[in-house]
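Inspection log for the structure reproduced underneath, given as structure tokens.
The values are calculated or read from the model by the stated rules, or taken from the named source; none is laboratory data. Here the structure is a predicted model, which is why all the values come from computation and not from measurement. When we count neighbours, we look across all protein chains shown, and the Cβ atoms used for this are built from the backbone with ideal geometry, even at glycine. Remember, those area values only see protein heavy atoms, side chains included, never the ligands or the DNA or RNA. Shrake-Rupley method; radii C 1.70, N 1.55, O 1.52, S 1.80 Å.
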Amino acid sequence: MKHLIVTLLFISLCPLSVFAGNGHELWLRYVGVGKAEVSVNKKGETLKISKTELLNFWQGGKVKLQVKRSNAHPDSYTITGNTTSGIVITSPSEQGVLYGTYHLLRLQSTNSVDGELNITEAPSYDLRILNHWDNLDRTVERGYAGHSIWMWDELPEKISPRYHEYARANASIGINATVLNNVNATPQVLSHSMLEKVKVIADELRPYHVKVFLSINFSSPAELGKLPTSDPLNKQVAEWWQKKADEIYKLIPDFGGFLVKANSEGLPGPQDFGRTHADGANMLADALKPHGGIVMWRAFVYNPSKEDRAKQAYNEFMPLDGKFRDNVIIQVKNGPIDFQPREPFNPLFGGMQKTAVMPELQITQEYLGFSNHLVFLASMWHEFLTSDTYCSGEGSTVAKTTDGSLFPHSVGSAIAGVANIGEDENWTGHHFAQANWYSFGRLAWDATLTPDEIADEWIRQTFGNSEELVKPVKKLMLESYETLVSYMMPLGLHHIFAWNHHYGPEPWTAIEGARPDWLPSYYHNADSVGLGFDRTETGSDAVVQYFSPLKEIFNNISTCPEKFILWFHHVNWTYKMKNGRTMWNELCYQYDSGVKDMRELQKIWDSCESYVDAERFRQVQSLLKIQMRDAVWWKDACLLYFQTFSKMPIPYDIERPIHELDDLKKIKLDLKHHN
Ligand code: BDP
């Protein structure tokens, strides 16, 4: 009984802790009632939010919030003072004060409010944007957390409380924009009735300074406007877009602009009319320009052709460098193929210098175990952002080529993340997938943060500050990415999934008449000699797209980093790796270490049982079992299949396969569940 009373008391004191176990509060699990006195120097919706958050949750005394004009970045802020004499948050803008407010609350939640504060922060990227791949029927392409949070059927009349919660979560990590709908966009999204719904969402997100964008379909003038063509150089077409832009901005004065997937995977685009990507992007940019909107034009283009798929985006876009309007940004996926577990960076980073380029990361785990696998993506993104392109000598990291430091563009800098958010109670399906949403926001704000720093603050806010918990969970998170790469696609292997889903291993898939570049053998090239894609000078010559000395480093099998060796080389089964093993043996040991490390990660999580609420503990525990089984499945499938080419034994000191290849080949996933 005593226990019950204490619990009830606790719950009534901490309204946000009622759902302690379901994860709905994300990292915003502020406990206790605020004891603050908060003053503001201005009126404003956003400032009011800052004030309320602090009144509700800040335990440390006086806080002064001030918007003060300056030449600093509009989103920047300073936090000074201490809990005795009071704290001052200053920014040139209301949103900057809001970011400072969440920073202060983060310090509180992570037990880091210490002595005199003297913090100055400014974002790495101006535009920190989520891309939802949400369809208007509320299905989510590559979404693994339930249906879309956008309730189009109920809008504009009914407003889900989720919009406001979503805006708050994003603002708390500095995300300041969102594309509401799928890049595979239907023209209907621009119909007037849809725009009225979009307006309501925009109104809900605005106080948190989250700007709304839409993905558009390039054929909209013909399909929605009933024009005879959607040719970007046709006057009527350009006028149609201008009118559409006027209509949008009348409803949403601060609308951000368009995201465009054109001439990609069967979608329409300017090339249907013999025009270039620049013609298409510029026409849209001209329509948005008077309203201050921008175009994010995607470089994810490839066609079945003799040319290596990894080279195609670069070949298509490099000749257009400098030909885009100043309110166009080219949105480029981190790797040259497609969000694989590990890819080298796309050479358009550093390559395109006269046009603004923004990275597109995939937060949703399309190729990394959906919402079943625990993988901390800050590790992958850190590797990507700190990769040296050498485009302006040593130290020209991908981050520097895109954040405006090497190539400033008037449109500003931007970074996008494909959202992993759905209507699941915990937003992301897996509790640890919340950490990937969190990491995207934090890295977009500060691209120099390390995975260790991000994991540390996320764990403390999400699970608590006990060192007995923080230490092991951090280890689990920091090792998860390498573990996944090892059991799925080590040494630079890529795209060895079935062609119609991206979950389990199917390196053997052969479908008559299928596009070769959608089949695994296109990528792994297993034969009696070896394994891997020859992208050297004497192969597809993809290496030529990189700057020296990287080009030479990748081109030479003895200097190519082994994590990419099968990406750039067709390697003999008996090739001697740096550790003296044959390539075949190393492949086996890599898969085996993935499986072994997974077993360790399971143990680590179990050891945390007494520090985590039962609900979250059990859910993660049961997903780790699935992940463990999947790891063995990947290892057995890939080793047994590649062994039919290498004809070499699996080293005797590693775990024996527990499946038969023929049985594995019979597994056909229920796509309704997985896709
Ligand atoms: C691929 C996805 C597909 C997306 C496409 C894209 O499988 O669903 O539409 O990328 O990014 O990875 O456009």
| request: Measure up Lys199/Lys354; Lys471/Lys563; Lys211/Lys289 against 23 Å on the Cα-Cα distance and list the ones that go over. | output: Lys199/Lys354; Lys471/Lys563
| said: Compute the distance from the alpha-carbon center of region 290-362 to that of region 477-492, in whole Å. | reply: 26
| request: Over the Cα atoms of region 326-442, compute the convex hull volume and normalise it per residue, giving Å³. | output: 98
| Ala631: net charge of surrounding residues, Cβ under 11 Å, Lys/Arg +1, Asp/Glu -1, itself excluded? | 0
| query | When the helix-only estimate is applied to the chain (DSSP H runs of n ≥ 4, each -39,500 (n - 2.57), divided by the residue count), what is the mean residue ellipticity at 222 nm, nearest 500 deg cm²/dmol? | reply | -11500 deg cm²/dmol
| field | Per-selection Rg to Rh, region 403-446 - Cα, Kirkwood hydrodynamic radius | value | 1.15
| Selection from Gly115, Leu587, Phe345, by position along the positive dipole direction of the chain (Cβ) | Gly115
| remark: Cα-based Rg/(2.2 N^0.38 Å) for region 37-121, rounded to two decimals, is 0.97
| query | Hey, how much of the P(r) for the chain falls beyond 38 Å, as a percent of Cα pairs? | reply | 36
| field | Cα centroid separation - region 629-644 against region 228-289, whole Å | value | 46
| remark: Ordering 430-439, 489-498 by per-residue average of other C-beta atoms within 10 angstrom, highest first, gives 430-439, 489-498
| With point charges of +1 on the Cβ of Lys and Arg and -1 on the Cβ of Asp and Glu, referenced to the Cα centre of region 37-121, which listed residue (Thr46, Thr83, Leu104) lies farthest in the positive direction of the dipole? | Thr46
| message | Using the alpha carbons of region 190-289, what is the convex hull volume per residue in cubic angstrom, as a whole number? | response | 97
| Which whole-angstrom value gives the distance between the alpha carbon centres of region 25-46 and region 87-142? | 13
| query | Could you give the accessible area per residue of the chain, probe 1.4 Å, as a whole number in Å²? | reply | 38
| message | Output needed for region 127-449: three equivalent-ellipsoid semi-axes, defined as square roots of 5 times the C-alpha gyration tensor eigenvalues, in descending order, whole Å. | response | 27, 26, 18
